[in-house]
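Participant: Structure below; questions to follow.
The values are calculated or read from the model by the stated rules, or taken from the named source; none is laboratory data. The structure presented is a predicted model; accordingly, all values stated were derived computationally and were not measured. Cβ: placed from backbone, ideal geometry, glycine included. Neighbour counts: every protein chain shown.
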Amino acid sequence: GDSVTQMEGPVTLSEEAFLTINCTYTATGYPSLFWYVQYPGEGLQLLLKATKADDKGSNKGFEATYRKETTSFHLEKGSVQVSDSAVYFCALSESGGSYIPTFGRGTSLIVHP
Amino acid sequence: GAVVSQHPSWVICKSGTSVKIECRSLDFQATTMFWYRQFPKQSLMLMATSNEGSKATYEQGVEKDKFLINHASLTLSTLTVTSAHPEDSSFYICSASVGGLSTDTQYFGPGTRLTVL
């Protein structure tokens with residue numbers, strides 16, 4: 001079945017540092033890939049998405065590129081801020097199916113001033 | 001963008017009582033909504049898919065008699081935790097797709113934190 005694997009956290013960085021959160025996936029078809037962000041005490045917000053190979057999703061300075069050859073969708077940001085502290089979930093949903101997403105376990109990001 | 005709300009945002013109840021959580025799509029019609037449960041520092045676990053006008057589809061291991069789901073209109077789904085016990089304490093999140101099951105993007109509510117004493 002489909003699965004998503006994320007790097008374990010927490011990831012702790014200083015403000016303005018470069019961020020990478022790794023995500024790899026296993027899917028039988030051609031999934032859409034997502035990154036969601038969850039701030040403390042809140043629900044999930046869609047951060048970015050990519051629907052086909054080599055697509056790059058971007059939002060709020062975050063980027064992720066759909067790499068079919070490595071089955072990866074790593075999240076990057078060039079300069080993190082304290083306000084980026086949150087839990088980040090990588091997810092996929094299969095096309096032609098129910099579109100119900102499969103989530104990774106989440107990676108906590110802590111950014112210090 | 002599509003907005004999903006939940007009410008209440010948090011609730012504390014006594015063991016044995018029932019609690020109802022509402023999920024509303026504010027600016028779109030949602031034929032399908034989803035209910036998730038999230039334990040601390042863990043990922044979301046899909047509990048059930050709620051379909052307007054029909055019975056919900058529950059994931060394996062989820063007790064349908066304990067977690068009652070009603071999707072009476074295109075903008076409202078409710079989850080009732082019946083005879084709640086401390087082990088039901090959790091963060092419950094709903095989501096909705098703008099195009100039902102034919103679209104790949106879900107919009108999530110802010111979540112409801114349930115504490116059962």
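Participant: Hey, among A:Gly41, A:Gly61, which residue is out of contact with any helix residue (DSSP H, G or I) (no Cβ under 7 Å at 6 or more places or on another chain), at positive phi and at pLDDT below 95?
Facilitator: A:Gly41
Participant: Hey, could you check segment B:77-100 for residues that are within 14 Å of chain A (Cβ to nearest Cβ) and farther than 16 Å from B:Tyr36 by Cβ and say which is modelled with the lowest pLDDT?
Facilitator: Only one residue tops the list, namely B:Gly100.
Participant: Name the residue, out of A:Thr71, A:Thr51, A:Thr107, that is hydroxyl-bearing (Ser, Thr, Tyr), within 14 Å of chain B (Cβ to nearest Cβ) and either at positive phi or in contact with a Phe, Trp or Tyr (Cβ under 7 Å, 6 or more places away or on another chain) (or both).
Facilitator: A:Thr107
Participant: Which residues, taken from segment A:2-49, are touching a strand residue (DSSP E or B) at 6+ places or on another chain (Cβ under 9 Å), of a type in the set (Gly, Ala, Ser), over 11 Å from A:Phe73 (Cα atoms) and in contact (Cβ under 8 Å) with a residue 24 or more places away in the chain?
Facilitator: A:Ser3, A:Gly9, A:Ser14, A:Ala17, A:Ala27
Participant: Here is a follow-up. Would you pick out the residues in segment B:26-41 that are over 12 Å from the mean Cα position of the chain (by Cα) and either of a type in the set (Val, Ile, Thr) or surrounded by 14 or more Cβ atoms within 10 Å (Cβ to Cβ) (or both)?
Facilitator: Listed by number, the residues that qualify are B:Phe28, B:Ala30, B:Thr31.
Participant: Only residues in segment B:17-43 that are assigned to a loop (DSSP other than H, G, I, E, B) count as the first member; pair them with residues that are polar (S, T, N, Q) and modelled with pLDDT under 85, Cβ under 8 angstrom, at least 6 apart or cross-chain, and list the lot.
Facilitator: The qualifying pairs are B:Ala30/B:Ser97; B:Thr31/B:Asn51.
Participant: Would you be able to tell me the number of residues in segment B:10-25 that are surrounded by fewer than 18 Cβ atoms within 10 Å (Cβ to Cβ) and touching a Ser or Thr at 6+ places or on another chain (Cβ under 6 Å)?
Facilitator: The number of residues fulfilling the criteria is 5.
Participant: Take the residues of segment B:52-66 that are at pLDDT 90 or above and out of contact with any strand residue (DSSP E or B) (no Cβ under 6 Å at 6 or more places or on another chain): which is surrounded by the most Cβ atoms within 10 Å (Cβ to Cβ)?
Facilitator: It comes out as B:Lys66.
Participant: Quick check on segment B:65-76. Is at least one of its residues under 23 Å from A:Ala91 (Cβ atoms) and of a type in the set (D, E, K, R)?
Facilitator: no
Participant: May I ask you to verify whether B:Gln38 is at pLDDT below 90 and either touching a helix residue (DSSP H, G or I) at 6+ places or on another chain (Cβ under 9 Å) or not aliphatic (A, V, I, L, M) (or both)?
Facilitator: Answer is yes for this residue.
Participant: Of all residues being part of a strand (DSSP E or B) and touching a Gly at 6+ places or on another chain (Cβ under 9 Å) in segment A:8-23, which is farthest from B:Tyr107 (Cα to Cα)? Just the residue, please.
Facilitator: Only one residue tops the list, namely A:Leu19.
Participant: Looking at (1) hydroxyl-bearing (Ser, Thr, Tyr); (2) in contact with a Pro (Cβ under 9 Å, 6 or more places away or on another chain); (3) modelled with pLDDT of 95 or more, which is the one condition that is false for B:Ser5?
Facilitator: All conditions are met except number (3).
Participant: Pull out all pairs, ordered by first then second residue, where Cβ-Cβ is under 8 Å, the residues are six or more apart or on different chains, the first lies in segment A:50-75 and is under 20 Å from A:Leu19 (Cα atoms), and the second is in a loop (DSSP other than H, G, I, E, B) and among the aliphatic types (A, V, I, L, M).
Facilitator: Sorted first by the residue in segment A:50-75, then by its partner, the pairs are A:Tyr66/A:Ala53; A:Arg67/A:Ala53; A:Thr71/A:Ala27.
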